[in-house]
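A.B. asks: Structure in structure tokens, see below.
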Amino acid sequence: MGKYFGTDGFRGEANIDLTVEHAYKVGRYLGWYFSRESQANIVIGKDTRRSSYMFEYALVAGITASGANASLMHVTTTPSVSYITRTDGFDCGIMISASHNPYYDNGIKILDSNGHKMSSDIEDKIEDYIDGLIEELPLAQREHVGAASDYSVGRNRYIGYLLSIPTRAFKNIRVGLDCSNGSSSDIAKAVFDALGAKTYVINNNPNGFNINRNCGSTHIEVLQEYVRKNGLDVGFAYDGDADRCIAVDEFGRVVDGDGILYVCGKFAKSHGELENDTVVTTIMSNLGLYKAFDELDIRYEKTAVGDKYVNENMVANGHVLGGEQSGHIIFSKHATTGDGILTSLKVMEAMIESKKTLAQLTENLKIYPQLMKNVRVTDKKAAQEHPAVQAIIKEVGDELGSNGRVLVRESGTEPLIRVMVEAATDEICKKNVDKIIDVIKETGLVK
């Protein structure tokens, strides 16, 4: 990770950690970098945060000042920007979003011409430009100044693409959608309605401040209650930019990213569509998922946390399914990044083709109790590598043995240390998580 760019772009509190000056310079560098040989075309999308408009205009100013053109998809999802970037011949794509973070945070995600997360070497160069470590870039003049234009047609083309993927209609299936007052608010219902579902939607009235607030994939209890109360067949919750999805079965029980990987991995293997018989996971996936995969003769690989790393592994090894427990699921046949709406369509496909409910599809997946707590620190690296912290991690790991595991890692986007324990009972998880956090506090590095 760099100074500004983490595992999912440049993220921080708007006008504190991430300012309009930062956004302008990101636009300046990208506009210049991709226009070195011919005038570049860059597409931009944003989520529903109030500050997204501010950053959009700053990016456009930087891009056009460097001589590139900016095409604006306006409020849309991250996967739609990825799709349009690679299918419509753009040199680069930008999504303005802080994903699942609160409204006062924002972020800049950069995608290459293939719709993948931008390579770290270009992000490093952008950081150097922001910090004044490289010479000032030339400003475009006269007819070479770039233009900005509306490209909302891209969002509509993405919706059309999603509609082309399912092979069966969703007729009469009662589906609940929690749009997190974010980017999926004007897209998800349109897709499910067009496919014939009886669609029930909550949290689809963004006002600039309510994105992710007590709703969406990070507050799944809201959708759980909604599905139970209304007797729905299934529910799907997205995050602010709709690149992740968490499901809820007909009983209101959560099916997280691990559960979705299990359902879709098993379905793909049974249809001969799971290339290499392998699913790519991160180190956060549950032990129960791996045990279930073992029973199905499905192999798995583990990467660092972040769908960027999952995607890199999939591309390098030709795998077609991968994702994170948090709900970032990548179907490489259809997309190059996590796509919440696409994920929900693929879960629906498994349900309809197998003629089973989501509860029935997950009944053989036994998830180990897992607890994760975050500790806000002044220095993530120092806290992670402190000898006393390393010692307690080893002690807990030795105690758990093969009946559990411990994982302590730095957040890729926030000043947090994440402490996670899996074990046979919730009580064992809590005891050991608290034991590790107590030691972290004793280092004096906690905010």
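The values are calculated or read from the model by the stated rules, or taken from the named source; none is laboratory data. Everything numeric in this text was worked out from a predicted model, so none of it was measured. Glycine gets a Cβ as well: all are built from the backbone with ideal geometry, and neighbour counts include every protein chain shown.
A.B. asks: Working only within the range 352-404, note down all residues that are under 14 Å from residue 444 (Cα atoms) and either in the same structural domain as residue 261 (by TED's automatic domain parsing) or surrounded by 17 or more Cβ atoms within 10 Å (Cβ to Cβ) (or both).
C.D. replies: 375, 377, 380, 383, 384, 386, 389, listed by residue number.
A.B. asks: Would you check if there is a residue in the range 430-446 being small (Gly, Ala, Ser) and surrounded by fewer than 17 Cβ atoms within 10 Å (Cβ to Cβ)?
C.D. replies: Looking through the range 430-446, at least one residue is small (Gly, Ala, Ser) and surrounded by fewer than 17 Cβ atoms within 10 Å (Cβ to Cβ).
Listed here are the residues, each with its yes/no results for (1) β-branched (Val, Ile, Thr); (2) on the phi > 0 side of the Ramachandran plot; (3) within 19 Å of the chain's Cα centre (by Cα); (4) not in a helix (DSSP H, G or I).
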site: 281; (1), (2), (3), (4): yes, no, yes, yes
site: 285; (1), (2), (3), (4): no, no, yes, yes
site: 288; (1), (2), (3), (4): no, no, no, no
site: 292; (1), (2), (3), (4): no, no, no, no
site: 305; (1), (2), (3), (4): yes, no, yes, yes
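A.B. asks: What number of residues within the range 411-432 satisfy the criterion of being of a type in the set (A, V, I, L, M) and in a helix (DSSP H, G or I)?
C.D. replies: Going through the range 411-432 one residue at a time, the tally reaches 1.
A.B. asks: Could you pull out the residue among 425, 357 that is of a type in the set (Ser, Thr, Tyr) and over 16 Å from residue 260 (Cβ atoms)?
C.D. replies: Of 425, 357, the one residue that is of a type in the set (Ser, Thr, Tyr) and over 16 Å from residue 260 (Cβ atoms) is 425.
A.B. asks: Could we say that residue 199 is among the β-branched types (Val, Ile, Thr), touching a residue at least 24 places away in the same chain (Cβ under 8 Å) and either closer than 20 Å to residue 330 by Cβ or surrounded by fewer than 17 Cβ atoms within 10 Å (Cβ to Cβ) (or both) here?
C.D. replies: Criteria not met by residue 199.
A.B. asks: Have a look at 148, 190, 169 and point out the one that is closer than 30 Å to residue 356 by Cα and touching a Leu at 6+ places or on another chain (Cβ under 7 Å).
C.D. replies: 169 is the lone residue from the list that is closer than 30 Å to residue 356 by Cα and touching a Leu at 6+ places or on another chain (Cβ under 7 Å).
A.B. asks: When the residues of the range 435-447 are filtered to those that are outside any loop (DSSP other than H, G, I, E, B) and without any contact (Cβ under 8 Å) to a residue 60 or more places away in the chain, which remaining residue is nearest to the chain's Cα centre (by Cα)?
C.D. replies: 436
A.B. asks: Filter the range 111-132 for residues that are hydrophobic (A, V, I, L, M, F, W, C) and buried (at least 23 other Cβ atoms within 10 Å of the Cβ); which is nearest to residue 244 (Cα to Cα)?
C.D. replies: Only one residue fits best here, namely 111.
A.B. asks: Now for a different question. Identify all residues within the range 2-21 that are at pLDDT 95 or above and surrounded by fewer than 20 Cβ atoms within 10 Å (Cβ to Cβ); write none if there are none.
C.D. replies: Result: 13, 15, 16, 17, 19, 20, 21.
A.B. asks: To continue, here is another question. For a quick check of your reading of the model, give me the residue pairs whose first member lies in the range 110-126 and is at positive phi, whose second is in a loop (DSSP other than H, G, I, E, B) and surrounded by 14 or more Cβ atoms within 10 Å (Cβ to Cβ), with beta-carbon atoms closer than 9 Å and at least 6 apart or on different chains.
C.D. replies: Between residues of the range 110-126 that are at positive phi and residues that are in a loop (DSSP other than H, G, I, E, B) and surrounded by 14 or more Cβ atoms within 10 Å (Cβ to Cβ), the close pairs are 115/335; 115/336; 115/337.
A.B. asks: Here is a further query. Give the residues of the range 30-60 that are in contact with a Leu (Cβ under 9 Å, 6 or more places away or on another chain), buried (at least 24 other Cβ atoms within 10 Å of the Cβ) and assigned to a loop (DSSP other than H, G, I, E, B), sorted by residue number.
C.D. replies: Residues satisfying the conditions do not exist here.
A.B. asks: Of all strands (runs of 3 or more DSSP E) completely enclosed by the range 143-237, which ones contain at least 3 residues that are within 21 Å of the chain's Cα centre (by Cα)?
C.D. replies: Ranges flagged: 174-178.
A.B. asks: Name the residues in the range 367-410 that are among the hydroxyl-bearing types (Ser, Thr, Tyr), under 26 Å from residue 288 (Cα atoms) and not in a helix (DSSP H, G or I), would you?
C.D. replies: 368
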